[in-house]
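Taking it in order: structure first as structure tokens, then the write-up.
The values are calculated or read from the model by the stated rules, or taken from the named source; none is laboratory data. Computed from a predicted structure; not experimentally measured. With ideal geometry, Cβ positions are generated from the backbone for all residues, glycine too; neighbour counts draw on all protein chains shown. Only protein heavy atoms, including side chains, enter the accessible area calculation; ligands, DNA and RNA are left aside. Shrake-Rupley method; radii C 1.70, N 1.55, O 1.52, S 1.80 Å.
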Amino acid sequence: MAKSFLFTSESVTEGHPDKVADQISDAILDAILAQDKYARVACETLVTTGLAMIAGEITTTARIDYPDIVRQTIKEIGYNDSSMGFDWETCAVLTSVDRQSPDIAQGVEGRGLSPEQGAGDQGLMFGYASTSTENLMPMPIWYAHRLAERLAKVRKSGTLPFLRPDGKTQVTVRYEDGLPKSIHTVVVAAQHNPDVKYETLEEAIIEEVIKKVIPVNLLVETKFLINTTGRFVAGGPLADCGMTGRKIIVDTYGGRGYHGGGAFSGKDPTKVDRTTSYMLRHVAKNVVAAGLADRCEVQVAYSIGLPDPLSITVYTYDTAVIPEDKLLSIIKDTFSFKPAAMIQYLDLQRPIFKQTAAYGHFGRTNPDFTWEYCNKVDILREKAGLQGPSPICICQPQAAAAK
């Protein structure tokens, strides 16, 4: 008898206050990296009614205009009308930035990129991949992201001109024997202008968002729940204070895979919370794309100032085609988890991070996202003793190679 269960993940639009903060922090990081690739950046953002505040520790030779970057990011998101209680032209911008602690700086070897550069913090990180979708992401978070992304697209294109920037999506998937079978429930909360009728909004969201994103074969007796309070006019930083790093499960695997606890946005590549999480997604994705397992999760842990990880663990949920101890040995033999090696391999000293800060850091086929490349598939299969091409359809060509 098939074992059935439901699993739910959520996403948020780029206009959600926490995501506004993430995008501002990563926009500042990009502006700094464009001038100084060895900068040390830990940028935090808070947004609330009429205010954006930047704080953190930044050590750099770059000269940037913080208020200008903040306002431009808010404008691009779509907060361009003072009636929303927060807009790019009238919000105040406050800045309180210090330099990186010298006690931390000495552990990451100054401004260079030494092969033995230590980890910038202690902590644990995870990477995950599964065959649930063509991009090897869990199905609930994959469709939650695509729905949130579609909300922004129809708003910006004028298809649904009554929408405002804030919004949340939630997708519940029905699983049987561990495999996704159909969409049980879709929840959408979309901020809107005060003059649109609920019936108009509900029909538009179902027809122009949900049914444009989710394949019809997955919509089997699916429940659609749209703005279930009946009204969502006040939103964004007016309705809820936003802060960098409060959507870590949205950023990763929607709870279907583990998360170490560290946030990503606003952090330069020497921060292992970010870089190692990207690297472990790359490892897990290549393992699954190589056909070595249907699900793969990899964990690494560090101590501050030390270059080598304290532990490396792989778990395949009993789906591996080779013993897990052999798979772990292959992973260690194929990939380096030293901070400098990961930064160089993934080519992370580039201003590419603002585009990661909404709709998920993983699963998207953006050529800048080197951690999504499936360039180690053939090597992993050869080391595992498997013959022929991988049976898994991967989302990016094996010819694509990280630096």
Query raised in the report: With respect to Ile304, is the statement that it is in a strand (DSSP E or B) and either in contact with a Lys or Arg (Cβ under 8 Å, 6 or more places away or on another chain) or on the phi < 0 side of the Ramachandran plot (or both) true?
Result: no
Report task. Give the stretch 315-329 a look and list any residue that's open to solvent by 10 Å² or more (accessible area, probe 1.4 Å) and of a type in the set (A, V, I, L, M, F, W, C), or say none. Result -> Ala320, Val321, Ile322, Leu328
Report task. Would you mind finding the one in Phe337, Phe369, Phe264 that is over 18 Å from the mean Cα position of the chain (by Cα) and at pLDDT 95 or above? Result -> Phe337
Report summary line: Listed by first then second residue, the pairs whose first member lies in the stretch 236-257 and is of a type in the set (Ser, Thr, Tyr), whose partner is open to solvent by less than 40 Å² (accessible area, probe 1.4 Å) and outside any loop (DSSP other than H, G, I, E, B), with beta carbons under 6 Å and at least 6 positions apart or on separate chains, are Thr244/Ala21; Thr244/Asp22; Thr244/Ser25; Thr244/Thr45; Tyr253/Tyr128; Tyr253/Ile141
Report task. Return only the number of the condition from (1) open to solvent by 10 Å² or more (accessible area, probe 1.4 Å); (2) more than 17 Å from the chain's Cα centre (by Cα) that Val70 does not satisfy. Result -> (1)
Report summary line: Here the residues within the stretch 346-360 that are of a type outside the set (D, E, K, R), assigned to a loop (DSSP other than H, G, I, E, B) and within 22 Å of Leu113 (Cβ to Cβ) are Leu348, Gln349, Pro351, Ile352, Phe353
Query raised in the report: Within the stretch 136-179, which residues are at pLDDT below 95 and not acidic (Asp, Glu)?
Result: Gly178, Leu179
Query raised in the report: For the subset of the stretch 280-309 comprising residues that are touching a helix residue (DSSP H, G or I) at 6+ places or on another chain (Cβ under 7 Å) and under 17 Å from Lys338 (Cβ atoms), which member is most open to solvent (accessible area, probe 1.4 Å)?
Result: Ile304
Query - Residue count, the stretch 361-389 (criterion: within 18 Å of Ser277 (Cα to Cα) and either in contact (Cβ under 8 Å) with a residue 60 or more places away in the chain or open to solvent by less than 30 Å² (accessible area, probe 1.4 Å) (or both)) - result: 13
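I'm trying to understand the selection: among the residues of the stretch 23-65, which are of a type in the set (D, E, K, R), over 21 Å from Ala340 (Cα atoms), in contact with a helix residue (DSSP H, G or I) (Cβ under 8 Å, 6 or more places away or on another chain) and outside any strand (DSSP E or B)?
Within the stretch 23-65, none qualify.
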Query - First in the stretch 310-338 and within 17 Å of Thr131 (Cα to Cα), second anywhere and buried (at least 19 other Cβ atoms within 10 Å of the Cβ) and among the small types (Gly, Ala, Ser), Cβ under 6 Å, 6 or more apart - result: Thr316/Ala293; Thr319/Ala293; Ala320/Ala293
Query raised in the report: How many of the residues making up the stretch 1-22 are hydrophobic (A, V, I, L, M, F, W, C), outside any strand (DSSP E or B) and in contact with a helix residue (DSSP H, G or I) (Cβ under 7 Å, 6 or more places away or on another chain)?
Result: 1
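Among Ser82, Ser4, which is the only one that is open to solvent by 30 Å² or more (accessible area, probe 1.4 Å), within 29 Å of Ile141 (Cα to Cα), more than 23 Å from the chain's Cα centre (by Cα) and modelled with pLDDT under 95?
Step by step, each of Ser82, Ser4 is checked, and only Ser4 is open to solvent by 30 Å² or more (accessible area, probe 1.4 Å), within 29 Å of Ile141 (Cα to Cα), more than 23 Å from the chain's Cα centre (by Cα) and modelled with pLDDT under 95.
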Query raised in the report: Across the stretch 248-270, what is the number of residues that are assigned to a loop (DSSP other than H, G, I, E, B) and buried (at least 24 other Cβ atoms within 10 Å of the Cβ)?
Result: 10
Query raised in the report: Just for strands (runs of 3 or more DSSP E) wholly inside the stretch 137-233: which have at least 1 residues that are open to solvent by 60 Å² or more (accessible area, probe 1.4 Å), touching a residue at least 12 places away in the same chain (Cβ under 8 Å) and closer than 23 Å to Asn80 by Cα?
Result: 163-176
Query - First in the stretch 60-80 and free of Cβ contacts under 8 Å to residues at least 12 places away in the same chain and closer than 15 Å to Gly50 by Cα, second anywhere and loosely packed, with under 15 Cβ neighbours inside 10 Å and not aliphatic (A, V, I, L, M), Cβ under 8 Å, 6 or more apart - result: Asn80/Glu89
